[in-house]
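Here's the structure, in structure tokens; my notes come after.
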Amino acid sequence: MSAADGIVLRVASGPLADAVVRRVVGAVGAQAELPIDRLQDAGLVTDAILDHLDRDQVQIRLGTGTKGLELAVGPLAGGEADRIIDRSRMPDLGSIIERLADRVWIERSDPDEFLCVEVRRTAQG
Amino acid sequence: MTLGFKPIPRGTRIGQSREGLADRAVQAAWVRYHRRRARETGLPTVNRSEPTSRASLRILAEHRRSVPELTRPADLELTLPARAESVTVARQALSGIADAMGWDGTFLADLKIAVSEACSNVVMHAYEDGDGPLELTGWVEGEAVTFVVTDRGSGISPRLQTRAAGLGLGLPLMAALSDEVEVRSPPGGPTEVRMTFRIPAPEQM
């Protein structure tokens with residue numbers, strides 16, 4: 001993620017987070033020049049993460065990388081990122097997050113971790 | 001909203017003259033704003049004949065002394081690079097809050113204009129020699145919502161009137177659209193603009 005972009009959003013969980021995060025992801029995604037279908041994918045990935053995030057406050061770092069939109073959710077407790085991915089699994093589809101994002105990875109910074117996803121302008125595979 | 005500008009006649013060139021309509025509107029808004037603050041705080045009232053820029057700086061100096069530290073935990077904290085495109089992101093965050101809270105109409109428009117003005121000031125004036133952060137914080141408390149726009153620049157200082165300095169409408173506009181504006185800008189910075197808006201009943205939005 002480009003350090004110069006440096007957008008950090010902290011918002012109280014619940015309906016406020018759902019509405020604000022979706023709007024901000026949309027705005028930053030547009031700046032990353034994502035096409036409409038990829039903006040929708042970014043919104044769905046974000047919703048899936050928020051649905052399974054068990055916290056009072058949501059913190060997301062967003063940036064425009066060379067290939068598209070990058071976002072990192074956290075700091076999370078150890079193992080929480082894997083749990084979020086697992087909980088987003090649907091029968092026959094697998095994890096919604098892994099299905100729609102082009103890259104999903106976990107950044108570990110002892111004792112915390114961050115769930116990171118990249119949504120590119122053109123979907124891979 | 002208790003303050004507002006009168007409609008500007010079509011064809012009027014805003015900022016045409018230091019003695020022109022824009023300057024009078026700025027001064028009138030400052031006077032209205034400061035009279036209301038004077039009633040609440042006991043601070044002296046602006047002399048209507050005082051030049052706008054001097055009155056603005058004097059009011060700013062008084063606010064530097066009068067504003068308490070921000071201590072309330074926020075419902076929203078957004079940190080952005082101080083660039084023009086970030087104002088759009090801030091406006092979208094406001095729209096998101098409005099979606100969640102059921103705000104729309106004039107109230108939402110006032111929020112967006114006032115907060116955009118504060119953010120634009122950071123983008124244009126806070127960092128003359130490079131990038132820096134623009135922070136937007138907001139919370140709802142009772143029947144009011146407060147937004148605080150902060151930069152890490154070197155504070156507000158008197159400057160020469162230049163084309164790049166703009167019309168000087170930003171602070172008066174924020175004062176006109178919000179129910180309360182506080183500016184905190186100690187020498188050396190940072191600068192904090194805090195705006196509080198009374199949330200109207202749904203049928204009045």
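Here are the numbers for the structure shown:
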read-out	value
Amide H contacts under 5 Å for residue B:75, placed H, 5+ residues apart	B:138, B:139, B:140
Net charge, residue A:54 excluded, C-beta distance under 14 Å - Lys, Arg +1, Asp, Glu -1	-2
Distant-in-sequence amide H partners of residue B:155 (H built 1.01 Å from N, under 5 Å)	B:189, B:191
Contact order normalised by residue count of chain A, Cα under 8 Å, 6+ apart, percent	28 percent
Cubic angstrom per residue, convex hull over Cα atoms of chain A	98 Å³
Three-way shape call for segment A:11-81 based on the alpha-carbon gyration tensor, with the a/c threshold at 1.5	prolate
For chain A, accessible area per residue (1.4 Å probe, heavy atoms of protein chains only), Å²	48 Å²
Contact surface A-B: accessible area buried, both sides summed, square angstrom, 1.4 angstrom probe	1600 Å²
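The values are calculated or read from the model by the stated rules, or taken from the named source; none is laboratory data. All values reported here derive from a predicted model rather than from experimental measurement. Glycine gets a Cβ as well: all are built from the backbone with ideal geometry, and neighbour counts include every protein chain shown. SASA here: full protein model, heavy atoms, side chains in, ligands and nucleic acids out. Shrake-Rupley method; radii C 1.70, N 1.55, O 1.52, S 1.80 Å.
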